[in-house]
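Read the structure below first, then the notes.
Just so it is clear, none of the values below were taken in a lab; they were calculated from the coordinates. Quick caveat, the model's predicted, so the values are computed rather than measured. Neighbour counts are summed over all protein chains in view; Cβ atoms, including those assigned to glycine, are modelled from backbone coordinates with ideal geometry.
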Amino acid sequence: MAKFQFRLDSLMKLREAERQQRRIELAEAFHAESILRQQAAQLRQDIQEVEKLSRVISSPGRVHVDRVLETHRYKLLLKSQAMTLDQKEAQLQAEIERRRTALATADRDVRVLEKLRERKRAEHDATEFKRELKQLDEVAVQRWGRDKDEY
């Protein structure tokens, strides 16, 4: 039986490599998203701590105006950083969606070639089966002819 050779194997390998690259890129984007979320959580925690400190230093009694202003400025800085992180996260979500779409396209391209390869393999196997059956029939006819001549 002749060995099956898919003519588009090199293209299949290229498409599989591209799909793997898209998976890596998507994983990197997810990792960046995780880092951003950690940073955002840390900023939220810092803002809460500053608000708590602000309440303490603004409590009735002696008030240190400079300290209140300093705390307020720091809180504004943290909120500004939080807004920047929110913008980055929105951009990252768009990038994740783009990379997810690219991965889906690459995966579809590979599956199309896999289906084509399986169909060609089935055609090859059917052709080989018919060829072998024809050879067996010829051998049987030859043997039958020899056996007939011997009687």
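Tabulated values for the structure
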{"quantity": "Where Cα atoms sit under 21 Å apart: lysine pairs in the chain separated by 8 or more or lying on different chains", "calculated": "14"}
{"quantity": "Tensor-based shape of the chain (alpha-carbon gyration tensor, a/c under 1.5 rounded, otherwise prolate or oblate)", "calculated": "prolate"}
{"quantity": "Using alpha-carbon coordinates, inclination of helix 65-150 to the longest axis of the chain, degrees", "calculated": "10"}
{"quantity": "Check: the chain dipole with +1 on Lys, Arg Cβ and -1 on Asp, Glu Cβ, in debye", "calculated": "440"}
{"quantity": "S80 versus D66: modelled label distance in nm, points set 7 Å from Cα along the beta carbon direction", "calculated": "2.2"}
{"quantity": "Sites matching trypsin sites (Lys or Arg not before Pro) across the range 1-71 that sit in DSSP coil, with at most 15 neighbouring C-beta atoms within 10 Å", "calculated": "K3, R7, R62"}
{"quantity": "Sparsely packed GluC sites (Glu not before Pro) within the range 1-90, loop by DSSP, other Cβ within 10 Å at most 13", "calculated": "none"}
{"quantity": "Positive-end residue, the chain charge dipole about Cα centroid, Cβ charges, pick of Q42, V63, Q81", "calculated": "V63"}
